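Each remark here refers to the structure printed beneath this line.
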Amino acid sequence: MEKLRIGITCYPSYGGSGVVATELGKQLAQRGHEVHFITYEVPFRLSRFEENIYFHGVEVPNYPLFNHPPYLIALANKMVEVTKYHSLDLLHVHYAIPHATAAYLARSVLQGRTRVITTLHGTDITLLGSDPSFAEIIAFSINQSDGVTTISDSLRRETLEEFPIETDVRTIYNFIDPVEYRRESDPSCCRCLRTHDRERLIVHISNFRPVKRIEDVVRVFAGIEKEMPARLLMVGDGPDSTLARQTAKCFGIQDKVSFLGKVDRVAPVLAASDLLLLPSEKESFGLVALEAMACGVPVVASNTGGLPEVVEEGVSGFLRPVGAVDAMVEAALTLLGEEATWSGFSTAARSRAVGHFSTDTIIPQYEAYYRQVLSGC
């Protein structure tokens, strides 16, 4: 297969879109493609040198004239520079704004000598898209892209409902590396958190924003802990971390909740866990649910967004209405109450994750889509 030269722009900090974009770049590089990350800092998942991967930092000028540094212009200029110097075949940007907008400007400067593919991850549609300050530019940037993908059919439908989209939108799901995410990963880092062998480890991983309904996470765990020995691992950080601590104290379970902060590699934490809680208000896909399932961890989550496309209700986990804390507690106790039940769900979760969302399944879809866009078909 002919090697492609691909520029990738994403938000490099913690978050699902940055994780997916970075892991996509790493997988493409392993398949022989040349990958150039163009963003303001090294993505956190690029912690070491990897063959065929290059990083280009975006420097924003700090002139007294600007109250707000013009990142979009600096990013577009860097895209032009990298595309010219390295003869990039295409720019694959994650998030509509400012990334797709910057890519449109870069392609205009380059007079069409590259192609632009935009992947929508959710917040750019569900939050920013509802803001009239951004709506027109988001729609324009999507329509000006040479190719557009979303991470779930749910997000694709929402995009087409929210915006006057005139271009084709393709669903390409998020993915996991089944070698990295597996039950056999070394869980020793978390075994020490159990008070005794019978204690169940419940895990929640997010950026602790209000949309994740952090208070519900603690409330569901409190219901579980009343019925069986259990400990809650809270992985990540964000604006509602204080609320989580206050809620745990209110229920008198603060000594049963461990706040691990931001963790670069979540696979070992998941591999040691028994259940993932994800009671979000909205999830365009639910990457952490997929990562948990690949590690053989059943999921109790909200029945919202793209989660029903990932979690098979009653097979690899349970989906309940947003805010239905008591129903989620009941579902969790059903999973954790009998070892045979948990084992069946664990096996099914791993099977679905590997069978439908592995790198071997999804990465070739991206490669085929790149070639389709480049061929103009």
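Okay, here's what the table says:
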read-out	value
Meets criteria (basic (Lys, Arg) and either at pLDDT 95 or above or assigned to a strand (DSSP E or B) (or both)) for Arg245	yes
Sole exception among (1) over 24 Å from Val288 (Cα atoms); (2) under 16 Å from the mean Cα position of the chain (by Cα) for Asn174, by number	(1)
Residues (within 26 Å of the chain's Cα centre (by Cα) and among the aromatic types (Phe, Trp, Tyr)) located in region 77-111	Tyr95, Tyr104
Matching residues in region 56-112 - criterion: being modelled with pLDDT of 95 or more and aromatic (Phe, Trp, Tyr)	Tyr85, Tyr104
Listing of strands (runs of 3 or more DSSP E) fully contained in region 265-350 that carry 2 or more residues being buried (at least 24 other Cβ atoms within 10 Å of the Cβ) and either touching a helix residue (DSSP H, G or I) at 6+ places or on another chain (Cβ under 7 Å) or not basic (Lys, Arg) (or both)	275-278, 299-302
Qualifying positions in region 82-97 - in a helix (DSSP H, G or I) and either of a type outside the set (D, E, K, R) or within 19 Å of Thr119 (Cα to Cα) (or both)	Val82, Thr83, Tyr85, His86, Ala96, Ile97
Any hit, region 99-110, residues being surrounded by 15 or more Cβ atoms within 10 Å (Cβ to Cβ), assigned to a loop (DSSP other than H, G, I, E, B) and among the hydrophobic types (A, V, I, L, M, F, W, C)	yes
Residues located in region 1-32, provided they are part of a loop (DSSP other than H, G, I, E, B), touching a residue at least 60 places away in the same chain (Cβ under 8 Å) and under 21 Å from Ala292 (Cα atoms)	Tyr14, Gly15
Cβ pairs under 6 Å, 6+ apart, first in region 161-183 and part of a loop (DSSP other than H, G, I, E, B) and modelled with pLDDT of 90 or more, second of a type in the set (Ser, Thr, Tyr) and surrounded by 19 or more Cβ atoms within 10 Å (Cβ to Cβ)	Ile172/Thr149; Phe175/Thr359; Asp177/Thr359
Tabulated pairs, region 66-81, first within 14 Å of Phe37 (Cα to Cα) and not assigned by TED's automatic domain parsing to the domain that holds Thr101, second small (Gly, Ala, Ser) and modelled with pLDDT under 95, C-beta under 6 angstrom, 6+ apart or interchain	none
Ser316 being out of contact with any strand residue (DSSP E or B) (no Cβ under 9 Å at 6 or more places or on another chain) and of a type in the set (Gly, Ala, Ser)	no
Residues that are of a type outside the set (Gly, Ala, Ser) and within 18 Å of Val288 (Cα to Cα), drawn from region 241-271	Phe259, Leu260, Lys262, Val263, Asp264, Arg265, Val266, Pro268, Val269, Leu270
Failed item in (1) surrounded by 19 or more Cβ atoms within 10 Å (Cβ to Cβ); (2) outside any helix (DSSP H, G or I), with Met79 passing the rest	(2)
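The values are calculated or read from the model by the stated rules, or taken from the named source; none is laboratory data. Everything numeric here is computed off the predicted structure, so don't read it as measured data. Here the Cβ is made from the backbone with ideal geometry for all residues, glycine too, and neighbour counts use every protein chain on show.
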